[in-house]
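The values are calculated or read from the model by the stated rules, or taken from the named source; none is laboratory data. Model, not experiment: these values are computed from the prediction. Cβ placement follows ideal geometry from the backbone for every residue including glycine, while neighbour counts extend to all protein chains displayed. Just so you know, the surface numbers come from the protein's heavy atoms only, side chains and all, with ligands and any DNA or RNA stripped out. Shrake-Rupley method; radii C 1.70, N 1.55, O 1.52, S 1.80 Å.
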Amino acid sequence: MDYRAMVNPTYITAKTSLFLLAGAGNEDARGMIEALGTQDDLSRNMSKDNGGKPSMPEAELKAILTGNAAAIEARYEALSRYLHKGGYTNLFDIACGYTPRSIYCAKSDIDYVGVDVPVVAEELEQLAVKIGLSQKHPTYIGADATNAASLSAAANLLHGPVLISCEGLTQYLSADEFEQFLGGVREILVQHGGTWVTSDMGVNY
């Protein structure tokens with residue numbers, strides 16, 4: 001079996017977020033989909049559990065996708081505004097997924113390191129090389145968000161205060177894992193200085 005099929009649900013969720021962001025009009029997301037060659041992935045994922053047929057009525061599916069796209073676009077734009085407002089030159093993106101944040105940062109002269117599970121990081125690092133994003137440092141690193149040493153090693157690729165971002169991760173963590181994650185974030189901030197921001201709401205630990 002392809003090990004990509006065995007990865008946790010965040011793998012599919014991350015790709016779906018990229019398609020929804022593209023559907024909301026983000027040109028970097030559209031370019032990323034084309035560069036990855038994954039134009040048909042979303043429709044395949046939506047129908048694969050139902051014998052190749054849509055899993056719900058088309059109108060209902062469209063309404064859900066529209067609402068999700070609006071939320072993802074708002075989350076993405078909020079972090080963009082925060083980066084500029086704070087004047088940050090380093091972004092450490094935990095559970096970065098397939099958002100085109102590295103492309104945005106390259107255009108904005110912001111050093112970027114994204115960490116995710118290895119299967120995601122491997123694919124995105126190949127993309128980064130392909131489109132010229134890896135000239136200063138490895139843009140994507142496979143790391144464990146619940147392991148402080150793993151996060152710190154990746155964060156050390158950046159120099160100076162960092163903005164640590166986290167989108168769509170914490171709802172997948174147990175209370176113990178969340179505590180470990182926070183310990184890693186704290187360690188990075190103590191060492192580098194900076195700020196942690198997250199748009200993950202509804203996690204009641």
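At a 1.4 Å probe, what is the % contribution of carbon and sulfur to the accessible area of the range 63-162?
On the way: 2480 of 4380 Å².
Exposed carbon and sulfur together represent 57 percent of the surface.
Please give the per residue volume of the convex hull enclosing the alpha carbon atoms of the range 129-205, rounded to a whole number of Å³. Mind dumping the intermediate values first?
Numbers: hull volume 7.9 nm³, N = 77.
Looking at the range 129-205, the number lands at 102 Å³ per residue.
Report, please, the projected area of the range 90-134 averaged over directions, based on the convex hull of its C-alpha atoms, in nm².
Values: hull surface 10.8 nm².
Seen from a random direction, the Cα hull of the range 90-134 projects 2.7 nm² on average.
Report the label-to-label distance for Ala70 and Ser108 in nanometres (one decimal), using points 7 Å from each Cα along the Cα→Cβ vector.
The answer from the label model is 2.4 nm.
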